[in-house]
Amino acid sequence: MIQVNQMVKIYGFKKVLNGVSFTAAKGEITCLIGINGAGKSTVLKSIMGLTPYKGEVLIDNALLTPVMYEEITFIPDSLTMPSNMRIADCLSFMADFYRNWNAERAEELLKFFELSSKDRVSSLSKGMAAKLNLLLGLALDCDYILMDEPFSGIDMFSREQITNVFTSELIEDRGVIITTHEINDIEHLIDKVVLLQHGKVEREFYCEEVREQEGKSITDVMREVYKK
Amino acid sequence: MRKYMVTAVLLVFAVVTIGTYYAQASQETPPNYKLTMVQGDASLVEGIAVYGNYVSKDSTFGIERAYITTNGTDYPDEKSAISQSLNRRPMKTQLDRWIEEHRQFMRGKTNTSGFYENEEMLAYVNATVDTKRSNDPSAKRNAKLSISLLNKQKNNTLEITSDINVDHDISDMYVQNVQLVNQQLVAMVFLNHSAKGYVSEPQIIRVNLTTKEITNEPLTLPGAKSVAANGDNQFVRLANQNLDHTDQWILSVSKDNHKKAYQVDVKTGQISPLTFQGHEMLLNNIMNAYGQKIYFLQKAVSSKENIGFAVVSYDLVSKEYETTLKNTNIDLSENITYAFKQDHLYIMGYKNFKGNRLYVFNLTSGNLEYEGKVVSTEAANQAEDEANMDLDFIDLDQF
Amino acid sequence: MTEEQKSGVSFNIREPVYIQVVRHFKEQIATGQIGAGDKIPSRRELAALMKINANTAQKAYKEMEEQGLIVTEGNSPSRITQDQQILSSIRAELIESAVDIFIGSIRNIQIPVEELVDIIKTKYTSERKLSPEGGDTR
Amino acid sequence: MRAFVKLLNFEMNRFAKIYIGLMVLTVALQLAAVTIGANHWLDSANEAMRVNQWTLEQYHNMTGYIQLNSMMYARYNGLLYFGPIFLSITVLLIYSCFIWYRDWRGKNTVVYRLLTLPSNRANLYFAKLVTILLFVFGLVALQIILVPLERLIAQSILPAELYRNISVFDFLKYPTVLKVLVPPYFSEFVLYYGLGITGLIVLFTAILMERSYRLKGIGLIVLYLAVLAGLASVPYLMGYNRYDSYFYPGEIIGACLGLIVIIAGGSLWYSLYLLRKKISV
C-alpha cells in the first residue's frame, strides 16, 4: 500500500500541495483527479523524490528511499530517454539498472504495441513514445506503478491499446496511481478516485461504492466538487 | 562488450600513459654531489652550502639549479612549488636553530642581523616604515621600532615598541647589527632615503632595558650625506657583524663610488674616520672586519697575467698594516666566488680551476685551513658529472 | 468497431458496474445465449473483454455466486448453474425489473391504463417486425 | 558499485563522438604544426647556407642547435600547436556544465529516469564527475604520447646537425601552458589536478544549487562563492606573500592544503545533500 501523509509542496510562493494525504492499495487502480495545475503530477513527482516536499510517503509502511525504486516505478507524461537512443538501447539501459527488468515481457509488449526496436526515440510519434514510455514501466516486475496522464493527447488507436493494457494481467495485482484531468471514457477502469482541489484532497472514494450508494458517476462527483 | 569499449580504452590509456610518464620522470634524476674534504679542518664547512648549475651534455635536463652540502645535493626545481617554499635552504641555518628552540618567539622574525643572543636572553630589533605615502613632502612619515626580548631562563618575552617619525622620503629601515652594552641594547640601523636618488643613512638606536626608553641618534658621518638629493647615490656597508673581540662598528660608505670608512664606538657612538694614511688605495678594496682587525682583499698582486691576490690587515689598536696572505695562482678576476666569515676567506673556483674546489684561508695566519672538492657520489661517471657542474655561489648562512 | 459492439455491453456510469455485469449475464441466460452448465470466461478474460476493472469483474462473479447463478469448483472455469429453478426465476426477475423501470418513468404522465396497454401492444408487435432478433433492454 | 560503472559508461558514451573528434583534431593540428615548423626551419637553414655559402657545420656553429621544445612551437606557429589544446579545455569546461543541464533539456527530460534509478544518487554525481576527469586525463595522456611522435617527425625532416635532441620531460618543462597541463613532477601533477578537481566539484555544487533552488539559487550561489573567496583568502591573511608573516611557511602550506580539503569535502557533501534532498525536475 502507498501511503501519502500530509504532503506539502511550495513552488516559489504558491502552496501547490497543502497537506495532501491519501492511500493507494496494491491491486487497485487509484486515479488522482484535479483540474490543470491542481498539483496532480506534483504529487507523483514528490513521491518519487523528483522534487523536494514536506510530509511522508510510505510504501508498505516503510519510508520510501531511492534504494526502493525497484518496487515502485514512475511513468511521466513524456518519454525520458535520450533522443538519440534506439528502442533496443532503451531496453538494454533498463536491463542494466533494474534487476527486476522482465526482458520477455518487454519483447511481448514491443510486439503488442507494434514498436520496432531499431527505431530511434527521436523518430517516434507522440502515441508511440507514450507506448514505449508505458512499456519501460510495465516490463518491470514491481508492485507499484505511477503514471502521469497516460491517456492525454494520444491517438485513438494507441489509447485503445493502452486501455487494453489496463485491463490485462500486466496491471492486475499491482498498485497503480494514475493522474488525469478528464475521466469520461476510463470511468469503469478505475477502482478508487482521489479528488484534488486547492492543494487538498477534496474527496477520496471507491467508484463502485459511489455508484451504488449515491448513484453518481465520477464525472458527477467532479462537477459537484469543482462547482463550489 | 562493445558498450564498455570507450570507457575501458580511455581509462587504460590515461592511467598507463600518465603512470609510465611519471614513473620514468622520477628515474631521471640528476647526479648527487657531495662537498668532500681534500684536506683541512672540516668544521669550517659545517652548515655551509655551495650553489651551482648542473648542465648535462646529453641535455636530459637543460640547466638544473643545485645546492650542494657535505651530505648531498638538493635540486630545488626537482621539488614541487610547495616543498620549495618550505625549505629554501638545504641546510639548517642559525635561524632554523633559533626557530627550533623558541618557535613561538621567533614568529615573524626573519632578519638574522636583527638578533642579539647571550646566555640569558635572545633579543630582536625590528624597524618598519609605514608605507602610506602622504603627498605633503614636509610631513614626516611614521615608523615603528619594535624590540622583543626573550628571557631564556624565565622563558617570558618583553615587548617594547615605540613610534618614531622619519623623513617622508624614507622607503625602509633595515637593522644591521644589535649589541648589548651594560643593560642597553644598541642597534645599528640604516634608513634608506629613496624618493630622490638613493641615500642610505646609518643611525644608532639605544634601548634602555630597565626604563624601556628608546632613543635614536643619527650618525653624522663627516663627509657622508643623510638627506637625499636628486642623483645622490650613497651606500653604506657594515664590515663586521660579529663584535665579540671589539666594541667598534666598522662602516664603509661609498658615495658616488668613492669610499670612506669610519669607526663607530658602540658604547659612546663616538665616530672616528679611518683614513688609512699612506694606504688610501686600500679603501677601495673589498673590506671585512673581525675583532680589532680590518682586512683588505687586493686582487692581482703579481704583474704577469694579474693572477693571485693578497690580504692586508690593519690593526685598529696598533694602527699597523700587515700582509697576512699572499697567493699567486688563483685569478680572482675570472669568476671565482669568495665570501668572508669572521676571520676566514672562502674561495670557490670556477670548474676549470682545478675542478670545483673550495678553499678556506685563515685571514690572520694566512694559511689554507681547508680544501674541499665537489664530487658526484655515482662512481661510474664521476668525471663526466664533475664536468657538468658549474659552481657559482657560496652560502655561509650569515645573513 | 465501437467498444459496444465488441463487448456487446455499454455501461451506465451511474450504476455500479458489477450489477450491470450480473444483469448482462442474466440477459444472456434469459435470452438463451448461454445455457445451463455452460463455461463462462474467467475473471481476467471478462475484464479484458468488457474493458472493466478486474476487481469489478471479481465482485460481479462473487455476486453471481452468491445468487447461485454460477458455480466455481477450485480454480477451474466457472459454469452456469444447472438449477432450473434459479434459471427460470431469472427470466421472471428480468421482466419484472424492466417493467418496474418502465412504470417508474411512465407513471407521472398519468395515462389511463387501457390507453397505455393499447400503445404497448401496437409498439411491441410492430417493433417485433423491425428487429426480429429482439433489441437490447436498456 | 555496479550502478556507478554503468552510469559512468552511459555518460561516457553520450559524449564519446565529440571527444574523439577533439582528440583527432588535436593530433592532426599538432602534427601539422610540427611538420610546417620543421620544414620552415629547414628552408631558412638552407637559405642561410645558400646565401652565405656555409656548410651545414658552419651554419650550425653560427646559429647553434634548434631546441625542439614547446617554446619553439609557441613562438613559431602557436595557434596551430596550442589551438587544439585551448579548444579542448574550453569544450570540456562547457561540457562540465552541459553534462548536467542536458538532462533537463528538451521534451525527453532524461533527469526523471536518472533520478528514479534504484541506486544511491551519489553514483549519478560521481559518474558525471569521473566522466569529465577521464576526458581530461585522456587528453593529457594524448599530449604525452604526441610529444615523442612529433619529435620523430621533426627529426625525419631536419638533418641531425640542426636540432638538439631533448627528452619529453625537458620538452614539457618550458614555460608554456603544457608546463601546467603536464607538470614535470608528479607532486605538481597531484597539486594542479587536485586544485582542478576541487574547482570541478565547486562548479558542480553551483550547478546543483541552481537546479535545486532555481531563481532563489542565484543568491545562494553568490553566498557560496563569497564563502569560498573568504576561505581562499585565508593564506593571504596568514601572510603567504610577506617574508615576516606571523606564520611559518610550513603552517601556511598546511593551511592551504587543509583549505583545499575543506572546500572540496564540504562542496562534495553539500552537492550530494542537494542531489538527495533538494534537487527538482
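The values are calculated or read from the model by the stated rules, or taken from the named source; none is laboratory data. Source: prediction; values computed, not measured. Virtual Cβ from ideal backbone geometry, glycine too; neighbours counted across all protein chains shown.
Below are the figures for this structure:
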{"quantity": "Residue match in the range A:69-82 (condition: farther than 30 Å from A:Glu208 by Cα, more than 18 Å from the chain's Cα centre (by Cα) and assigned to a strand (DSSP E or B))", "calculated": "no"}
{"quantity": "Enumerated strands (runs of 3 or more DSSP E) restricted to the range B:188-240, each holding at least 2 residues that are touching a Leu at 6+ places or on another chain (Cβ under 7 Å) and within 28 Å of B:Phe340 (Cβ to Cβ)", "calculated": "B:198-208, B:233-238"}
{"quantity": "Which listed residue, of A:Thr163, A:Thr179, is more than 20 Å from A:Met1 (Cβ to Cβ) and under 15 Å from the mean Cα position of the chain (by Cα)", "calculated": "A:Thr163"}
{"quantity": "Test: D:Leu195 is crowded, with 17+ Cβ neighbours inside 10 Å and in contact (Cβ under 8 Å) with a residue 40 or more places away in the chain", "calculated": "no"}
{"quantity": "Number of the condition not met by B:Leu243 [criteria: (1) under 23 Å from B:Leu363 (Cα atoms); (2) not in a loop (DSSP other than H, G, I, E, B)]", "calculated": "(2)"}
{"quantity": "Residue in the range D:161-172 that is within 30 Å of D:Leu56 (Cα to Cα), away from chain B (no Cβ under 12 Å) and part of a helix (DSSP H, G or I) present", "calculated": "yes"}
{"quantity": "Those residues of the range D:89-125 which are within 14 Å of another protein chain (Cβ to nearest Cβ) and either polar (S, T, N, Q) or not in a helix (DSSP H, G or I) (or both), in sequence order", "calculated": "D:Arg105, D:Gly106, D:Lys107, D:Asn108, D:Thr109, D:Thr116, D:Leu117, D:Pro118, D:Ser119, D:Asn120, D:Asn123"}
{"quantity": "Matching residues, the range D:148-159, being of a type outside the set (Ser, Thr, Tyr), more than 14 Å from chain B (Cβ to nearest Cβ) and surrounded by fewer than 19 Cβ atoms within 10 Å (Cβ to Cβ)", "calculated": "D:Leu152, D:Ile153, D:Gln155, D:Ile157, D:Leu158, D:Pro159"}
{"quantity": "Within the range B:1-30, tally of residues that are within 7 Å of chain D (Cβ to nearest Cβ) and not hydroxyl-bearing (Ser, Thr, Tyr)", "calculated": "9"}
{"quantity": "Test result for A:Ser152, within 22 Å of C:Ile19 (Cα to Cα) and among the small types (Gly, Ala, Ser)", "calculated": "no"}
{"quantity": "Considering residues of the range B:31-55 that are in contact (Cβ under 8 Å) with a residue 12 or more places away in the chain and polar (S, T, N, Q) only, the residue farthest from the other protein chains (Cβ to nearest Cβ)", "calculated": "B:Gln39"}
{"quantity": "Those residues of the range A:128-155 which are within 11 Å of another protein chain (Cβ to nearest Cβ) and not small (Gly, Ala, Ser), in sequence order", "calculated": "A:Leu132, A:Asn133, A:Leu136, A:Leu140, A:Cys142, A:Leu146, A:Asp148"}
{"quantity": "Complete set of residues in the range D:131-147 that are buried (at least 18 other Cβ atoms within 10 Å of the Cβ) and either more than 14 Å from chain B (Cβ to nearest Cβ) or among the β-branched types (Val, Ile, Thr) (or both)", "calculated": "D:Thr131, D:Ile132, D:Val136, D:Val140, D:Ile144, D:Val147"}
{"quantity": "Residues of the range A:139-160 satisfying the condition of being crowded, with 19+ Cβ neighbours inside 10 Å and without any contact (Cβ under 8 Å) to a residue 60 or more places away in the chain", "calculated": "A:Ala139, A:Phe151, A:Ile154, A:Ser158"}
{"quantity": "Unique residue being within 14 Å of chain D (Cβ to nearest Cβ), surrounded by fewer than 22 Cβ atoms within 10 Å (Cβ to Cβ) and either touching a strand residue (DSSP E or B) at 6+ places or on another chain (Cβ under 6 Å) or in a helix (DSSP H, G or I) (or both) when the list is A:Gly19, A:Gly55", "calculated": "A:Gly55"}
{"quantity": "Test: residue in the range D:223-235 that is at pLDDT below 90, within 14 Å of chain B (Cβ to nearest Cβ) and over 24 Å from the mean Cα position of the chain (by Cα)", "calculated": "yes"}
{"quantity": "Some residue of the range D:194-204 being in a helix (DSSP H, G or I), at pLDDT below 90, under 30 Å from B:Gln24 (Cα atoms) and within 12 Å of chain B (Cβ to nearest Cβ)", "calculated": "no"}
{"quantity": "Test result for D:Asn61, surrounded by fewer than 16 Cβ atoms within 10 Å (Cβ to Cβ), over 28 Å from the mean Cα position of the chain (by Cα), assigned to a helix (DSSP H, G or I) and modelled with pLDDT under 85", "calculated": "yes"}
{"quantity": "Residue satisfying condition, being in contact (Cβ under 8 Å) with a residue 60 or more places away in the chain and buried (at least 17 other Cβ atoms within 10 Å of the Cβ), within set B:Val189, B:Val181", "calculated": "B:Val189"}
{"quantity": "D:Leu225 being assigned to a helix (DSSP H, G or I), on the phi < 0 side of the Ramachandran plot and either surrounded by 16 or more Cβ atoms within 10 Å (Cβ to Cβ) or assigned by TED's automatic domain parsing to the domain that holds D:Trp100 (or both)", "calculated": "no"}
{"quantity": "Qualifying positions in the range A:92-127 - within 13 Å of another protein chain (Cβ to nearest Cβ), aliphatic (A, V, I, L, M), assigned to a helix (DSSP H, G or I) and out of contact with any Pro (no Cβ under 9 Å at 6 or more places or on another chain)", "calculated": "A:Met94, A:Ala95"}
{"quantity": "Some residue of the range D:254-262 being within 13 Å of chain B (Cβ to nearest Cβ) and farther than 21 Å from D:Thr205 by Cα", "calculated": "yes"}
{"quantity": "Residue check for B:Gln24: farther than 30 Å from D:Pro235 by Cα and at pLDDT 90 or above", "calculated": "no"}
{"quantity": "Odd one out for D:Pro183, checked against (1) away from chain B (no Cβ under 14 Å); (2) buried (at least 19 other Cβ atoms within 10 Å of the Cβ)", "calculated": "(1)"}
{"quantity": "Residue satisfying condition, being modelled with pLDDT under 85, more than 27 Å from A:Asp220 (Cα to Cα) and out of contact with any strand residue (DSSP E or B) (no Cβ under 8 Å at 6 or more places or on another chain), within set C:Gly32, C:Gly8, C:Gly68", "calculated": "C:Gly32"}
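One line per residue, one yes/no per condition, for (1) touching an Asp or Glu at 6+ places or on another chain (Cβ under 7 Å); (2) touching a residue at least 60 places away in the same chain (Cβ under 8 Å); (3) within 10 Å of chain B (Cβ to nearest Cβ):
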site	(1), (2), (3)
D:Lys6	yes, no, yes
D:Met12	no, yes, yes
D:Gln30	yes, yes, no
D:Asn52	no, no, no
